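Read-outs: derived from the displayed coordinates by stated rules, not from any lab. Remember, it's a predicted structure, so these values are computed and weren't measured experimentally. Here the Cβ positions follow ideal geometry from the backbone for every residue, glycine too, while neighbour counts run over all protein chains shown.
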Amino acid sequence: MDIRGTCISSTVDEHGPIYVYQTRNKRILSFDGKIYQSCMKLKDINGLDLAYTQAMMAGLLFIPIVKTATIMGLGAGSMAKNLLSSFSELTVHAIEYREAVAKTAKKHFHLRDTDRLFIHINDAVNYIKNTDIKSDIIFSDLYNSEGMEPKQVQSSYLHDCKNALNKQGVLVLNICHTELKLREELDELLALQFENRRLSFDVENENTIVLAFKNDIPSIKREELLTKGKGLQEKMNIPMERYAKLLLDTPGSWS
């Protein structure tokens, strides 16, 4: 189904088209004119409109103080903008393969230059293999017009992500519209790299969010997790209490 709205920008690079659509209250990034890559409310330019991007922030429930975050796949910059506006001391590293996508995010989606945001035009696999930067949280949302990037389903990539985390760091993966075989392969690789140090929950539109911990899953009391969710909800303006409750329904270290 084609995206409804007016196409206000159409760009082509060596990897294909980049479209920007606008409706009465939203602006949408798409690579094929059918699937939303990113979405921004015009009256809330730093908000997270898509449910799966909100859900990916659940990894923050387990981090006492977040200082450094890495985002694999910039898109229109929604996650970067929300993190930067919510945490004044946070540094964000965003890795984007297509320079034209980064330019589109700045031109059409209010992604502002700041000394707390570093955009790396690089292949995600190459970047994470060679970086010396340690992050408290890594968000991996690697998709193209055909679906999930095969790079996200590689043992070496997951291993390098784990190495790029701080001691209590969390890797957050978005899995969407994935063939059963590919999902099973990813589950096996995650088990190999992270053993049983994983939590997951489903959100709308067939997205599954996976939290993979570099070390043991923190032992957090139920009420403490809900309180953390409430605090993040007020700070970030997204339903973090809901995601805390979803995680509480997942086998883990609850007391």
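Considering only 172, 210, 153, the Gaussian network model of the chain with Cα springs below 10 Å gives its largest mean-square fluctuation to 153.
When each of the peptides 155-163, 94-102, 10-18 is scored by the mean number of other C-beta atoms lying within 10 Å of its residues, the order from highest to lowest reads 94-102, 155-163, 10-18. Along the axis of the charge dipole computed for the chain (Cβ charges of +1 for Lys and Arg, -1 for Asp and Glu, origin at the Cα centre), the listed residues 219, 127, 158 are led at the positive end by 219.
In this simple spin-label approximation, residue 11 and residue 195 carry label points 7 Å from Cα along the Cα→Cβ vector, and these lie 4.5 nm apart. Neighbours of residue 228 by Cβ distance under 15 Å: Lys/Arg scored +1, Asp/Glu scored -1, total +1.
For the stretch 3-55, the Cβ-based charge dipole about the Cα centre amounts to some 380 debye (Lys, Arg positive; Asp, Glu negative; other atoms uncharged). In terms of distances greater than 28 angstrom between alpha carbons, the cross-link table entries 41/167; 34/181; 34/67; 106/134; 107/162 yield 41/167; 34/67; 107/162. Of the beta bridges in the stretch 46-248, as assigned by DSSP with both residues counted there, near 45 percent are antiparallel.
Here the stretch 55-150 carries DSSP beta bridges of which approximately 10% are antiparallel, counting only pairs with both residues inside. Take every Cα pair under 8 Å in the stretch 1-150 that's 6+ residues apart, average their separations, divide by the length, and report that relative contact order as a whole percent. Value for the stretch 1-150: 20 percent. Rounded to the nearest 20, the size of the Cβ-charge dipole of the stretch 46-248 about its Cα centre is 620 debye, with Lys and Arg at +1 and Asp and Glu at -1. By the count of other C-beta atoms within 10 Å, a proxy for reagent exposure, 70, 131, 23, 6 are ordered fewest to most as 6, 23, 131, 70.
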